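Here is the structure we will look at, set down as structure tokens.
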Amino acid sequence: MLEALGVYLSKSSVYRSVQAAGEAVPGMKQQELLKGYQTSALGADLTSVKCKGQWLTLGVTVDPLTGWVLSIDQLPAEDAQTLQKWIEPIAETVGARTLVTDDADALKPAADNNGMNHQVCKSHVGRNTDELIASLSQTIQLGRDTSLANLHIEASQALADLCRMGELIHSRQPEQQAEVQTLYERYALAPAPTKGASTSVAYRMRNLFLDRWNLWGRLTFYRTWKDSAGNPILDGTNNATERAIGWWIKERYRTMRGYKRQ
């Protein structure tokens, strides 16, 4: 179109114009950038990129219902307090009451302290659980660990419990939390390892069942939030945020061989 009009515009001119516009963005308030946009849920995730030899932490928020990217922010740290302060104004601006994230512990206070419902990614938790179950089952079958015998638990019982945990983590029904609690209680007395000692199978199983029991409400929240037709509003994953990171940050990052300016 520009060629047809006889207008010349070089790539360098485009680059300079974009950089000049970018200089003004950090000074703009998120409330103005998101003015008028409303959504009941907010997806959030972190990633890192290298810029002139330094690693930068970036926070990305999306509308998980539509996939729209809401913000890409440079963060000074990845601790719970920083993430809470980052999420709070965005959630308030768009009116979000539900936070969708991966299973990172630092993001859980960001939801709790901001009074939001929290959905952790079922895919992340499912994969991690399957890997732990496979590792623990293999160790039990080798028969070299005596920690289960100290709790008067047979190896067959432990293998059956792990198998059941694998089934529960993929069915993810809210009412199954009591069954996960029962699995935990069977191993609740497993002692923590002493200084310098390796972690026993019984203690690893205790921590696995305890973590999933505590996580169950966040893992199954999407089952309880439904539309007027009774269909889940969320899909239970944070795929929308991961797609945004891939499309908006990582793909561009690869082609540029690293970012040159913050």
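The values are calculated or read from the model by the stated rules, or taken from the named source; none is laboratory data. These numbers were taken from a predicted model, which means no experiment stands behind them. Using ideal geometry, Cβ is built from the backbone for each residue, glycine included, and neighbour counts are taken over all protein chains shown.
Worth a mention:
- Exactly one residue out of Thr61, Thr66 is under 27 Å from Tyr222 (Cβ atoms) and more than 16 Å from the chain's Cα centre (by Cα): that is Thr66.
- Checking every residue in the stretch 16-39 against the condition of being farther than 23 Å from Gln262 by Cα, at pLDDT 90 or above and not aromatic (Phe, Trp, Tyr) gives at least one match.
- Condition met for Leu168 (modelled with pLDDT of 95 or more, under 21 Å from Asn128 (Cα atoms) and either buried (at least 16 other Cβ atoms within 10 Å of the Cβ) or not β-branched (Val, Ile, Thr) (or both)): yes
- Selected residue (only one of Asp112, Asp105 is without any contact (Cβ under 8 Å) to a residue 60 or more places away in the chain, under 21 Å from the mean Cα position of the chain (by Cα) and exposed (fewer than 13 other Cβ atoms within 10 Å of the Cβ)): Asp105
- Helices (runs of 4 or more DSSP H) within the stretch 127-216 that include 2 or more residues within 23 Å of Asp235 (Cβ to Cβ) and within 25 Å of the chain's Cα centre (by Cα): 155-171, 177-186
- Filter result for Ala77 (part of a loop (DSSP other than H, G, I, E, B), of a type in the set (A, V, I, L, M), at pLDDT below 95 and in the same structural domain as Ile245 (by TED's automatic domain parsing)): yes
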